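Down below is the structure, laid out as structure tokens.
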Amino acid sequence: MMPGDNLTLVATAAAIGMSIGYVASSQMGTKSEPTGRPSGTSSGSHSKDGVRGRFLVGGNWKCNGTIESAKALIKILNEGGPIPLNSEVVVCVPAIHIPLALETLRDDIAVGAQNCGVNDKAGAYTGEISADQLVDMGVKWVVIGHSERREGFEMA
């Protein structure tokens with residue numbers, strides 16, 4: 001790793017036991033993320049390759065992780081150093097770990113969900129998490145249409 005290449009460290013940590021997936025932004029509502037998260041260090045500069053576009057680095061934890069392993073991975077991410085100004089880092093964690101990630105992950109790394117119910121309102125949808133519920137807890141990203149959902153659960 002080149003000196004100052006902190007995005008590589010963060011991206012590598014985000015990829016441990018995960019895969020990079022298509023991440024779609026949830027634009028519903030205007031709730032902000034919970035306060036009290038550790039401060040990030042995204043005061044870095046734009047990437048040195050001259051590209052002026054925005055980069056999205058997303059990590060999907062899949063169906064992995066105990067509370068202790070999630071805490072350990074969050075510690076690695078929190079120690080990752082500054083993220084370049086033209087980059088955004090998102091980790092999509094299992095629903096059971098969303099509160100832990102929102103409380104302890106540094107604030108310049110977004111927390112995403114791995115799925116979202118298709119129901120357009122609250123109701124008797126056992127096991128589903130609605131977009132409104134995700135937004136209410138501070139989640140701004142969600143993996144939608146992942147091949148594992150389409151193939152393994154026969155979803156269109």
**Prompt:** Where in region 59-79 is the amide nitrogen less than 12 Å from a point lying 7 Å along the Cα-to-Cβ axis of ILE96?
**Reply:** 63-70
**Request:** Run through every distinct alpha carbon pair of region 52-156 and return the Kirkwood hydrodynamic radius in angstroms, one decimal place.
**Result:** 14.9
**Message:** Taking θ = phi - 60°, what integer Hz values does the Karplus form 6.51 cos²θ - 1.76 cosθ + 1.60 yield along region 62-67, in sequence order, with x for Gly and Pro?
**Reply:** 6, 9, 10, x, 8, 4
**Prompt:** In terms of modelled amide H atoms, which long-range or inter-chain residues lie less than 5 Å from the amide H of ILE83?
**Reply:** THR41, SER42, SER43, GLY44
**Message:** Give me the three principal axis extents of region 60-103 from the C-alpha atoms, as integers in angstrom, largest value leading.
**Reply:** 31, 17, 16
**Item:** q = 0.16, 0.21, 0.26, 0.29 Å⁻¹, region 83-139: log10 I(q)/I(0) [Debye, one scatterer per Cα]
**Value:** -0.53, -0.81, -1.06, -1.21
**Fill in**
Counting Lys and Arg as +1 and Asp and Glu as -1 over every other residue whose Cβ sits under 9 Å from the Cβ of THR104, the net charge comes to +3
**Asked** Working out 0.36 nm times the residue gap between MET137 and THR104, then minus their Cα-Cα distance, what length gain in nm do you get to one decimal?
**Response** 10.5 nm
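FYI, it's all coordinate maths here, none of it is from the lab. Remember, predicted model here, so these are calculated numbers, not experimental data. Counting neighbours? That spans all protein chains shown, and the Cβs are built from the backbone with ideal geometry, glycine included.
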